[in-house]
Amino acid sequence: MIYRSTLALLLAAALAGCSPKYDWRDYRSKDAPYSILFPGKPASQTRSITLDTLQLDMTMTAVEIDGVVFAVGSARLPDHASAMAALQAMQSALLKNIGATLRSSKDSSTALQAMLEFEADGSQQGRPARLIGKLVARDQRIYQIIILGQAQNLDTEQIDTYLSSFKLN
């Protein structure tokens, strides 16, 4: 009897160890032409935002794993000319939301696409937080691809998988 109970506990522990923390799944947006791998089943919400003087409807799709948020936001601009200004305003708003200071920032824009990549440290709910972001503008659309959580909970492999999986269709 004790043998069976011990065996059952060991089997349950082994099965629990096999359940992945990150259950990567392909996500294709219905609102904007992009796809990405999320580490769990995401939820979406659309709300009105203001970026400087631009009033936009942004759709956010996100999932939280162990206190780390993986999110993609997308919005349509009135024209392509305002794309870079919108990205800079988006970055400022994200930094302000968590009282962050930039650790690093890189602008890798081309004639077809504008992109800002950055890392910042701030706080969320009174705890230190790290924000890793990629902001992209192509045509009349802007995208924010972010990861937010405590630095010790951020895993380089998961960050790379998430950010590198973002594709514009």
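The values are calculated or read from the model by the stated rules, or taken from the named source; none is laboratory data. Everything numeric in this text was worked out from a predicted model, so none of it was measured. Counting neighbours? That spans all protein chains shown, and the Cβs are built from the backbone with ideal geometry, glycine included. For accessibility, only protein heavy atoms count, side chains too; no ligands or nucleic acids. Shrake-Rupley method; radii C 1.70, N 1.55, O 1.52, S 1.80 Å.
Observations on the structure shown:
- Over 24 Å apart at the Cα level, from the set Lys106/Lys167; Lys41/Lys96; Lys21/Lys106; Lys41/Lys167, are Lys41/Lys96; Lys21/Lys106.
- Taking the Cα centre of the chain as reference, the dipole from Cβ charges on Lys and Arg (+1) and Asp and Glu (-1) amounts to some 320 debye.
- Accessible surface, the chain, averaged per residue in Å² (probe 1.4 Å): 58
- Prolate/oblate/rounded call for the range 80-169, Cα gyration tensor, a/c under 1.5 rounded: oblate
- Here the dipole of the range 84-169 is about 220 debye; that uses its Cα centre as origin and unit charges on the Cβ of Lys and Arg (positive) and Asp and Glu (negative).
- Here, the range 32-105 yields an orientationally averaged convex hull projection of 6.1 nm² when only Cα atoms define the hull.
- Solvent-accessible area of the chain (1.4 angstrom probe, protein heavy atoms only): carbon and sulfur portion equals 52 percent.
- Comparing the range 10-147 with the 2.2 N^0.38 Å rule of thumb, its C-alpha radius of gyration ratio is 1.17 (two decimals).
- Positive-end ranking of Ala151, Gln91, Val69 along the dipole of the range 66-169, with charges on Cβ about the Cα centre, is headed by Gln91.
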